[in-house]
Amino acid sequence: MRIQEHPILSFERGEKVFFTYNGKKLEGYEGETIAAALHAAGIKVLSHSIEHLKPRGFYCAIGNCSSCFMEVNGEANVRVCVEPLKEGMVVNTQIGKGDLL
Amino acid sequence: MIKTAEVVIIGGGISGSSIAYNLAKKGVKNIVLLEKAYLSSGATGRCGAGIRQQWGTEMNCRIAKLSCDFFERANEELDYEEDIEFKQEGYLLLSSTDKEHQQFIKNVELQNSLGIPSKLLTLEEAKEIVPFLNTEGLVSATYCEKDGHLNPFHATQAYANAAERLGVKIYKFTEVTGILIEQGKIRGVKTTKGNIATNIVVNAAGGYAQLIGKMVKLDLPLYSERHQILVTEPMETILKPMVMSFSLNMYCQQVPHGGVIMGRGDENEPRDFRITSSWQFLDEMTTTVTKLLPPLKNARLLRQWGGLYNMTPDRQPIYGAVDEIEGFYLAVGYSGHGLMFGPATGLLMAEIILQEECTIPIDMLHLNRFRKGELIFEPSVV
């Protein structure tokens, strides 16, 4: 679901782009965040808590809370709530705390 | 608040907690530990948490080994229901000059003669331990697999809990505001929560030890130097040992939770007790560490903080009584290695106060060394 009209904000939607989420082809719009595109596609579980592996979703939306860490184009711990979506991005659910190597 | 005590210990860090526990274990009753904030709120909880035995003098090797051996069995010995998180995954010390390399050769020989299993490594061997180490500009390394790091909050809490079970009374958020002396003898302490009569006071106040000294008109040869640390967000474990370089002025380790902790000091810091954070540290630290450990370029920082090294002129602690003030004892001036000496500090100070023979001879660490000009040279400190 996307908000089409808003009393205060206006949306300048970019080109439609395609990306993959855990191997599945999804669409979104250039200029929106990865999290926005995932949310619009109905994907609300973005990561899992480190100790108890409980699902974690969209939370602070400003890159602060670490609730949306995903692996993007092979890079771990990407905050998808602030990362702009681009054509061809490979977005995967991250297992564990993220590996630098 | 209690009105009288056999012993009053000032400072709720690893040293004060360890001294309290060791005195109580030796049968001393009515011990009071005073802490102006919460346990580990000073240098103990702000430090890099390294535990190393790779020292350059026999005395320091012995103190460090005794402490390291204790930390190995601390959970059981202190009957701690949690975990001090002592990870013995080694200390990798790096040399950058031939002079430093020559010193490393001597150090390893000394350490091995005292039962410390350190090894001199080539840079290729060092890379087997940390494969992504950038060896450019380095000469050699030493490694001791029994060294490591722990959680300073848990270690202090373990001592404090064990001490309390033995009857020690710990008063947190209780600041010492004065010390009462009569005819050169300790008579009591004044605190923000009331006065306590006592004949024995132990100064274990870490970065604030010289201020406690001033309360008995003692001008201790101490100053406090801010050191800063930063930590990254938690990541999968990539770094097992503590990596340290004296000439690059840095150390770096990854805690069990996954955050990478790193720090360095600056001897030109103003000596004004500040523990704020600076951007200069952030810049220097990240530049140094990403050159030495390049994968950290992609790590994200969480926060940085500062703490105080309590420095002596020879960067060795001061242990012992004070000749001119009966009942006043010093366990101060660790110059950056108070946590790793914690278990020895407690045992040795308890032995000194009870006039027992010391497990390790530490007469030369008495305050009088500065009066006689007998400073101790330790070649391996950051």
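The values are calculated or read from the model by the stated rules, or taken from the named source; none is laboratory data. All values reported here derive from a predicted model rather than from experimental measurement. When we count neighbours, we look across all protein chains shown, and the Cβ atoms used for this are built from the backbone with ideal geometry, even at glycine.
Worth pointing out:
- Candidate set from region B:289-308 (those that are out of contact with any helix residue (DSSP H, G or I) (no Cβ under 6 Å at 6 or more places or on another chain) and more than 19 Å from B:His227 (Cβ to Cβ)); member that is farthest from the other protein chains (Cβ to nearest Cβ): B:Lys291
- The numbered conditions (1) within 14 Å of chain A (Cβ to nearest Cβ); (2) surrounded by 20 or more Cβ atoms within 10 Å (Cβ to Cβ); (3) part of a loop (DSSP other than H, G, I, E, B) are all true for B:Cys252 except (3).
Yes or no, residue by residue, for (1) more than 30 Å from B:Gly258 (Cα to Cα); (2) in contact with a strand residue (DSSP E or B) (Cβ under 7 Å, 6 or more places away or on another chain); (3) outside the structural domain of B:Leu330 (by TED's automatic domain parsing):
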| site | (1), (2), (3) |
| --- | --- |
| B:Asn161 | no, no, no |
| B:Glu164 | yes, yes, no |
| B:Tyr171 | yes, yes, no |
| B:Gly178 | yes, yes, no |
| B:Gln183 | yes, no, no |
| B:Arg187 | yes, yes, no |
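- Count - residues of region B:156-194 that are under 30 Å from B:Asn75 (Cβ atoms) and among the charged types (D, E, K, R): 4
- Residue in region A:1-45 that is surrounded by the most Cβ atoms within 10 Å (Cβ to Cβ), counting only those that are of a type in the set (Ser, Thr, Tyr) and without any contact (Cβ under 8 Å) to a residue 60 or more places away in the chain: A:Thr33
- Out of B:Arg315, B:Arg303, one residue alone is of a type in the set (Lys, Arg), more than 20 Å from B:Glu267 (Cα to Cα) and out of contact with any Lys or Arg (no Cβ under 7 Å at 6 or more places or on another chain). It is B:Arg303.
- In summary, B:Met364 fulfils each of the numbered conditions (1) within 14 Å of chain A (Cβ to nearest Cβ); (2) part of a helix (DSSP H, G or I); (3) not charged (D, E, K, R) with the single exception of condition (1).
- Among the residues of region B:323-333, the ones that are of a type in the set (Gly, Ala, Ser) and part of a loop (DSSP other than H, G, I, E, B) come to 1 in all.
- Hey, B:Leu230 among the hydrophobic types (A, V, I, L, M, F, W, C), part of a strand (DSSP E or B) and at pLDDT 95 or above or not: yes
- Pairs meeting the criteria (first residue in region A:49-72 and closer than 18 Å to A:Leu85 by Cα and away from every other protein chain (no Cβ under 14 Å), second residue of a type in the set (Asp, Glu) and crowded, with 19+ Cβ neighbours inside 10 Å, beta carbons under 7 Å, at least 6 apart or on different chains) are lacking.
- Scanning region B:189-209 for residues that are part of a helix (DSSP H, G or I) and free of Cβ contacts under 8 Å to residues at least 40 places away in the same chain yields nothing.
- Strands (runs of 3 or more DSSP E) within region B:90-166 that include 2 or more residues crowded, with 22+ Cβ neighbours inside 10 Å: B:91-95, B:140-144
- Residue check, B:Asp323 at pLDDT below 95, in the same structural domain as B:Gly213 (by TED's automatic domain parsing) and on the phi < 0 side of the Ramachandran plot: no
- In region B:4-20 there is at least one residue that is more than 30 Å from B:Val289 (Cβ to Cβ), among the hydroxyl-bearing types (Ser, Thr, Tyr), surrounded by 16 or more Cβ atoms within 10 Å (Cβ to Cβ) and in the same structural domain as B:Asn199 (by TED's automatic domain parsing).
- Subset of region A:91-101 [touching a Phe, Trp or Tyr at 6+ places or on another chain (Cβ under 7 Å) and either more than 14 Å from chain B (Cβ to nearest Cβ) or aromatic (Phe, Trp, Tyr) (or both)]: A:Val91
- Qualifying residue in region B:334-355 (condition: in a loop (DSSP other than H, G, I, E, B), of a type in the set (Phe, Trp, Tyr), surrounded by 16 or more Cβ atoms within 10 Å (Cβ to Cβ) and not assigned by TED's automatic domain parsing to the domain that holds B:Thr97): yes
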